[in-house]
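Worksheet: the structure to be examined is printed underneath.
The values are calculated or read from the model by the stated rules, or taken from the named source; none is laboratory data. Just so you know, these numbers come straight off a predicted model, no measurement behind them. As a convention, Cβ positions derive from the backbone with ideal geometry for all residues, glycine included, and neighbour counts pool all protein chains shown.
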Amino acid sequence: MRCELLGEGEGFIGQLARLHLCLEGEAPDAPRTLIAKLPTTVASNRATGELLGAYEREVLFYRDLAPATPYRTARVYHAAMDDNPASEYAPAIIRFVDRLPVWAMRLCMAFFYLVARTSRRRYLLLLEDLVPAELGDQVAGRNAEACLPVVRAMARAQAALWESPLLCDHHWVAPLDLGLRVGQLMFRGSRPGFETRFSGSLGVEDRAALDWLDRNSIEVVRELVRRAPETLVHGDFRLDNLFFDDGDDPLVVDWQGVARGPGVIDLAYFVSGSLPPDASGDDELLLVRAYHEALLDGGVSGYDFDACLHDYRCAVVLLLGRIVTIDWVDLGDERGALLIERWVDRILARVRGIDRAALVSTETSLPAHA
């Protein structure tokens, strides 16, 4: 067997290698190459991946949920990890920490991060090599017309698991509203560095949007979860995690962020990361309509277009807050830095067209250090 290192990838917290197999005897249907996926060797990123449960979540996805997932994805040949019985209690621990005073939350997060840095848990995925399918390129992005098939495929897959009880059978498929105050604390800690780094991109209106998120993001998430139907959320649905071949639907990889919640989260994530900043509002509306129509074609009912559009706009603004916390991972090479620079420009362009006051029934202003 020969091992070809492919470098760090998959959201910057994993590393990939292509294994060239030497087979004995007749094996005409056996693969000649496999993709091995392991945790990153970058210590800070490894700790972040461990803290977020990303490695365990992806192993469990391929082992327990992938067969029931309507998305096209890589075939898994082996999925293994060192077991941790305490993982089952992770959601309860997060809920407990989320209720603590800020100073106590900070202490808990610092403690958990130190524990994550010392973790020696082993994780391994052996996956189908999707070459010659072509990997998408988020740095290059795509225009609205080229995004349409992806959006429709996403909606068809979500429709198949729309409000499915299957999603509640796995503790590691977390709900979107888990750990909201912890997320807000991360946002507030990362915001000064974000504003310094992207000062050339941020205008007065953009900084106002960040202020608004600081006050209202928790309530927006809560309302979105209460209002929008639940389905499978990929959590990192972007071009760099999509392979394209002759099939109608893309092949979707990197399931480290899988969760359950409103499907528009993935729609907003994909659109905001793909469309160029100068794409028009009509281009964006075209994609939301295509998504909604594909949901209806997939059997979804009771979710009208106006509700879908409102929820999509909520998701776009919330994703700006998520981008702010990108400093939790080392972006690595020049491409990583270029990717986030273009993503910031693209999502800012989408947020600028949204009336934020219309996103919540009553704005809930929180003190600066609530």
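Looking at 263, 247, which one is farther than 25 Å from residue 341 by Cα, at pLDDT 95 or above and out of contact with any Asp or Glu (no Cβ under 7 Å at 6 or more places or on another chain)?
263
Suppose we filter region 286-314 for residues that are out of contact with any Lys or Arg (no Cβ under 9 Å at 6 or more places or on another chain) and surrounded by fewer than 14 Cβ atoms within 10 Å (Cβ to Cβ); how many remain?
Summing the residues that are out of contact with any Lys or Arg (no Cβ under 9 Å at 6 or more places or on another chain) and surrounded by fewer than 14 Cβ atoms within 10 Å (Cβ to Cβ) in region 286-314 gives 5.
With respect to residue 271, is the statement that it is under 30 Å from residue 46 (Cβ atoms), within 15 Å of the chain's Cα centre (by Cα) and at pLDDT 95 or above true?
Considered against the rule, which asks whether it is under 30 Å from residue 46 (Cβ atoms), within 15 Å of the chain's Cα centre (by Cα) and at pLDDT 95 or above, residue 271 comes out as no.
Table: residues versus (1) more than 20 Å from residue 257 (Cβ to Cβ); (2) of a type in the set (S, T, N, Q); (3) surrounded by 19 or more Cβ atoms within 10 Å (Cβ to Cβ).
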residue	(1), (2), (3)
20	yes, no, no
28	yes, no, no
34	yes, no, yes
49	no, no, yes
53	no, no, yes
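Quick check on my filter: what residues within region 127-148 are assigned to a helix (DSSP H, G or I) and either loosely packed, with under 15 Cβ neighbours inside 10 Å or of a type in the set (Val, Ile, Thr) (or both)?
145, 146
Answer with yes or no whether residue 16 is outside any loop (DSSP other than H, G, I, E, B) and not β-branched (Val, Ile, Thr).
yes
Just to be sure I understand, how many residues within region 19-62 are assigned to a helix (DSSP H, G or I), closer than 16 Å to residue 252 by Cα and not hydrophobic (A, V, I, L, M, F, W, C)?
Qualifying residue count, region 19-62: 3.
Note down all Cβ pairs under 6 Å where the first residue falls in region 140-169 and is in contact (Cβ under 8 Å) with a residue 60 or more places away in the chain and within 13 Å of residue 286 (Cβ to Cβ), the second is surrounded by fewer than 17 Cβ atoms within 10 Å (Cβ to Cβ) and of a type in the set (Asp, Glu), and they're at least six residues apart or on different chains.
144/283
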